[in-house]
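Everything below concerns the one structure shown next.
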Amino acid sequence: MRQVACRALLAGAALSIAASLAYADDTKQEIQKYQRMTAESSPVELWELEGADLWKQKRGPNSVSLERCDLGMGPGVLKGAYAHLPRYFKDTGRVQDLESRLVTCMTTLQGFSEQEATKRVFGNADKPSDMEYLAAYVAGRSRGVKMQVSTKDPKEKAAYEMGKALFFYRAGPWDFSCASCHGHEGKRIRMQELPVLSSPKGARGTYTTWPGYRVSVSQLKTMQWRLNDCFRQQRFPEPKYASDATIALTMYMAVNANGATYRGPGTKR
Amino acid sequence: MTKTSIYLCLGALAAGLAAAQTAQADPTPMEVRALLHKDFHAQGQATMSRVDQDDLQWLCTVSHNKPSHNRVKQMEAEQHATIVYPADGKYMGDWKKGQKIAESGKGMTWKDKPGAENGGSCYNCHQLSPKEASYGTVGPSLTAMGKKRGDGIEVQKYIYGKIYNSKASNLCSEMPRFGTSHTLTEEQIKDLTAYLLDPASPVNQ
């Protein structure tokens, strides 16, 4: 039912956007207008509601909910948790981002195997993934909270430095690094002005709106998906879901965004 | 053990820790590579060997694309040596085909079918035809290239070589080495050269 309502809402939004695009002249103004409109008619809240249901549902072999999941602020504490991630977790001995931590909770609390918990992490327009619903819900509970990601623990600092090194590492058939697309201030790839994620300005503006709803594909996309698709376009092999490398990169961007107010989940083109 | 020797020991330990911290704070490309091998897997045509850097990628990474290395000239010469110029001595193909190649951003990702025709992604970074509104600005505008530079054989050869291996003249250029990486064929590079230089091409209108 919720999905049907969502579809109708989206179709309406898409139509009005398409109509306004057709008559706009100046491209940059056009894009900004489009971004404002998509933000105003965003269906992100529907994902958050679905995620809230999932969070409270008794699931898995242990038939328990995620309500005791510790995302770093204590079991069950959601307010501000996302604005402090990634962080070091003693129980796993790892620096973890939101998605890897959700996998931890699904395995330790609910009794899923890791394979089961990560079987379908990226959904599609017809059927979003549980992870996308949960990520939207948890991230939404940090709306209005200042990004405050710590590098005090040596493992957090190491993850940040590794993320930075990964960001500038050039390889692959096209010699690309993350910075090839995200390292040129004021430059565009086609019509997209891509944020310079190594600078606080770029990271603050962008990191604080992920996860994000992509109007063009009617899907909510998580940060793990964003990195996966960046590496695809970088012509690299595929990163493993919630791997240390992806968490390190997330750490780098999150720390660069520190001090900014989290305002996601956002809406994208 | 005297007090002094204990302090010396502690000092050495602290120095050792500081060194370890420094090492941790600044991962080398070898450490990055090791992590990539642990955390990535081959997918489609994107094999794991893609995360291994060649000398050029390594030098450009560690120098943040500003190599002051005394080997730069030599390495550019090595890159130049990878350029295979057409045996027939002709550098210009069909600008109409070239336009399609310039517009296409397809190719070389794990989703692309191996062996399918790749695009040049030219518009991602360059302005070419003034009629195309959607162009990137990471690279310089190439609009009216033929008008400005003419289409003499030396210019043709230069453009062909630049597309084949941009690193031959600018070691840490962001532009892919389209010929050297086997992204584009000789014929495709000829078509792109024509798209840039042919007086009839929209680039020069």
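Given that compact globular proteins tend to follow 2.2 N^0.38 Å, what is the ratio of the alpha-carbon Rg of the protein assembly as shown to that value?
Normalised by 2.2 N^0.38 Å, the Cα Rg of the protein assembly as shown equals 1.10.
Got a sec? How would B:197, B:184 order by Cβ neighbour count within 10 Å, fewest to most?
B:184, B:197
I need the calculated FRET efficiency for the pair residue B:74 and residue A:73, taking r as the beta carbon distance and R₀ as 45 Å, to the nearest 0.05. Could the numbers behind the result be given before it?
Details: r = 55 Å, r/R0 = 1.23.
In this case the efficiency is close to 0.25.
Compute the distance in nm between two label points, each set 7 Å from the Cα along the Cα-to-Cβ direction, one at residue A:56 and one at residue A:125.
Distance between label points: 3.1 nm.
Which of A:240, A:119, A:90 comes first, and how do the rest follow, when ranked by fewest Cβ neighbours within 10 Å? Can you show the working numbers first?
Details: A:240 16, A:119 11, A:90 7.
Going from least to most buried by this count: A:90, A:119, A:240.
Largest first, please: the extent of the C-alpha atoms of chain B along each principal axis, to the nearest Å.
Rounded to whole Å, the extents work out to 88, 37, 36 Å.
Between residue B:30 and residue B:170, with labels modelled 7 Å along Cα→Cβ, what's the label distance in nm to one decimal, could you check?
The answer from the label model is 3.3 nm.
At 222 nm, what value in deg cm²/dmol follows for chain A if DSSP H runs of at least 4 each add -39500 (n - 2.57) and the sum is divided by all its residues, to the nearest 500?
For chain A, the value works out to -14500 deg cm²/dmol.
What pairs from A:164/B:66; A:146/A:240; A:201/A:268; B:147/B:190 go past 20 Å between their alpha carbons?
Checking Cα-Cα distances, A:146/A:240 exceed 20 Å.
Could you work out which residue, out of A:173, A:75, A:86, moves most in a Gaussian network model of chain A, that is, has the largest mean-square fluctuation with Cα springs under 10 Å?
It is A:173.
Between residue A:92 and residue B:132, take the C-beta separation as r, use R0 = 60 Å, and let me know the FRET efficiency to the nearest 0.05. Write down the numbers at each step before the final one.
On the way: r = 50 Å, r/R0 = 0.84.
For residue A:92 and residue B:132, the calculated efficiency is 0.75.
Compute the distribution of all C-alpha to C-alpha distances in region A:103-257, in bins of 5 Å from 0, and list the percent of pairs in each, rounded to whole numbers.
So the P(r) values, bin by bin, are 2, 8, 15, 21, 21, 19, 10, 4, 1, 0.
Can you pull the mean other chain C-beta count within 10 Å for peptide B:37-45?
5
For A:240-250, what's the mean count of beta carbons from other chains sitting within 10 Å of each residue's beta carbon?
Average per residue, whole number: 3.
Where a number appears in this text, it was derived from the coordinates with a stated rule and is not lab data. Just so you know, these numbers come straight off a predicted model, no measurement behind them. Because the Cβ atoms are built from the backbone with ideal geometry, glycine has one as well, and the counts that use them run over all protein chains shown.
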